[in-house]
1. Pull out all pairs, ordered by first then second residue, where Cβ-Cβ is under 6 Å, the residues are six or more apart or on different chains, the first lies in region 80-107 and is within 24 Å of CYS62 (Cβ to Cβ), and the second is loosely packed, with under 15 Cβ neighbours inside 10 Å and not basic (Lys, Arg).
2. Out of SER64, SER105, SER136, I need the residue that is over 17 Å from the mean Cα position of the chain (by Cα) and open to solvent by less than 70 Å² (accessible area, probe 1.4 Å). Which one?
3. Please specify each residue of region 108-129 satisfying the condition of being touching a residue at least 60 places away in the same chain (Cβ under 8 Å) and either open to solvent by 70 Å² or more (accessible area, probe 1.4 Å) or not in a helix (DSSP H, G or I) (or both).
4. Determine which single condition THR132 fails, assuming it passes every other condition in (1) at pLDDT below 90; (2) hydroxyl-bearing (Ser, Thr, Tyr); (3) assigned to a helix (DSSP H, G or I).
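The values are calculated or read from the model by the stated rules, or taken from the named source; none is laboratory data. Bear in mind that the values here come from a model prediction, so they are computed numbers and not experimental data. When we count neighbours, we look across all protein chains shown, and the Cβ atoms used for this are built from the backbone with ideal geometry, even at glycine. Just so you know, the surface numbers come from the protein's heavy atoms only, side chains and all, with ligands and any DNA or RNA stripped out. Shrake-Rupley method; radii C 1.70, N 1.55, O 1.52, S 1.80 Å.
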Amino acid sequence: MTTAIRRGRLRAGWLRWGTTAWSGWSGWSRWGAARARWRGWRRGRPFAAGLLLGLGGLELICVSWAGLGFLRFTGTAGAASWALGALFVVAGVTTWHNPSLRYFSGVLAAVMSLVSLVAANLGGLLLGFLLTAVGSALALAWVPRARSAHVGTAAHR
């Protein structure tokens with residue numbers, strides 16, 4: 001790599017995304033296209049809300065699983081944390097794959113996050129509660145981008 005820099009094959013902005021570091025390799029254009037598709041998919045839905053809901057659900061499951069061995073419950077708190085954690089993960093995936101159901105999954109996650117405080121070891125030692133509460137608030141607050149109107153319409157005149 002240092003010989004390529006010395007010979008001047010690398011451009012000045014070779015560390016930025018989407019630039020070609022070596023003109024002989026055409027993989028950068030494929031990487032840029034995949035990145036553009038990912039960006040469009042991510043921006044078209046409440047991505048952060050689904051991510052926080054999924055992480056909060058996994059945190060609830062991991063807290064009940066940590067020192068107890070695999071699939072061993074400690075009474076109702078362990079069973080509730082597994083059930084609530086699975087429902088939070090489902091709510092997060094629902095907000096990703098069907099953004100029109102964001103209100104349903106957001107309200108459901110908000111109610112479940114309050115239930116997790118009582119039923120599942122303080123909501124996964126408060127970290128799971130905070131992740132799911134913020135995730136449900138983001139799901140409820142997310143609004144899809146409005147499509148831009150045609151420039152030549154009467155509204156723009």
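1. What qualifies is THR94/LEU101.
2. Details: SER105 fails: over 17 Å from the mean Cα position of the chain (by Cα); SER136 fails: over 17 Å from the mean Cα position of the chain (by Cα).
The unique qualifying residue is SER64.
3. ALA120, LEU125, LEU127
4. Result: THR132 passes all but (1).
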